[in-house]
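The next block holds one structure in the form of structure tokens; read it before the comments.
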Amino acid sequence: MDTFSIALLCDRSKSGCLGDAELLAAALGLPAASADLEIASYLRRHRGSLREGIASLLGSSTRLAGVGSKRRRQLGSALLLATRLAEERLFERVSLQNPSSCYDYLRHHYQLQHREVFTCFFLNTQRQLLVCRDMFLGTVNAAPVYPREIAAMALKLSASAIIVAHNHPSGSLAPSTADIRLTERLRHALELLDIEFLDHLIVGQGRFLSMASEGLAGFR
């Protein structure tokens, strides 16, 4: 099965056509009859988490009958393709002021990350995406972020607005004290450059929090 077919299967799964075990078996190209039961058992060993099960497979830390390096690469390519498709839709949107527009991309982008990643969306005057870039990589619970580097990139791109986001691998959506302070510092730095700071998103496992929507860190 090619990766585009796998991406279509992923779209079908949203409407309930395929369960997690069936979808993963299909993505791996395994025979349906016996594979569904084996995959279902495999997912139970990972607390029923599709995310944890796939991460274990791609990390080559788990043996699964009929799944070798070729099928692991196929699965990894399918996941990358889903991210690329989401990114393409992101660039096609007229405006990114709605936080859910960014989340559609971020949920794919962060899905197998086990450490924090800080991402910036640089926008033009029409709130259309110029560049989406991972600016900083961190550990499982922290990422060093430097507002001056974000500001410098915004100036280089002639961006007029910015949305930032980072993931919490733990799944928690609660912003830390450091998250709040960083957001406030970043706002002050961007205000001096007349660049609008639209939102800071925190992405957990299948959910997100918009600081702007919640009125946190000085957002109104």
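Summary table below
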item: Check on ARG115, at pLDDT 70 or above and over 28 Å from ILE150 (Cβ atoms); result: no
item: Search result, residues across the range 169-178 that are under 24 Å from LEU123 (Cβ atoms) and surrounded by fewer than 18 Cβ atoms within 10 Å (Cβ to Cβ); result: LEU173
item: Candidates ARG187, ARG148, ARG133 - the one that is within 30 Å of GLY53 (Cβ to Cβ), surrounded by fewer than 20 Cβ atoms within 10 Å (Cβ to Cβ) and in the same structural domain as LEU106 (by TED's automatic domain parsing); result: ARG133
item: In the range 204-220, the residues that are touching a residue at least 60 places away in the same chain (Cβ under 8 Å) and outside any loop (DSSP other than H, G, I, E, B); result: PHE208, SER210, ALA212, SER213
item: Residues located in the range 75-102, provided they are surrounded by 18 or more Cβ atoms within 10 Å (Cβ to Cβ) and modelled with pLDDT of 75 or more; result: PRO99, SER101, CYS102
item: Conditions (1) part of a helix (DSSP H, G or I); (2) surrounded by fewer than 20 Cβ atoms within 10 Å (Cβ to Cβ): number failed by ALA142; result: (1)
item: Filtered residues of the range 120-153 (kept if of a type in the set (Gly, Ala, Ser) and in contact with a Phe, Trp or Tyr (Cβ under 6 Å, 6 or more places away or on another chain)); result: ALA143
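Okay, residues lined up against (1) assigned to a strand (DSSP E or B); (2) over 17 Å from PHE136 (Cα atoms); (3) in contact (Cβ under 8 Å) with a residue 12 or more places away in the chain; (4) of a type outside the set (D, E, K, R):
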| site | (1), (2), (3), (4) |
| --- | --- |
| ALA159 | no, yes, yes, yes |
| ILE162 | yes, no, yes, yes |
| HIS166 | yes, no, yes, yes |
| PRO169 | no, no, yes, yes |
| GLU184 | no, yes, yes, no |
| ARG187 | no, yes, yes, no |
| GLU191 | no, yes, no, no |
| ASP199 | yes, yes, yes, no |
| ILE202 | yes, no, yes, yes |
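The values are calculated or read from the model by the stated rules, or taken from the named source; none is laboratory data. Note that the coordinates shown come from a computational prediction; the quantities given were computed from them, not determined experimentally. Cβ atoms come from the backbone with ideal geometry, glycine included; neighbour counts cover every protein chain shown.
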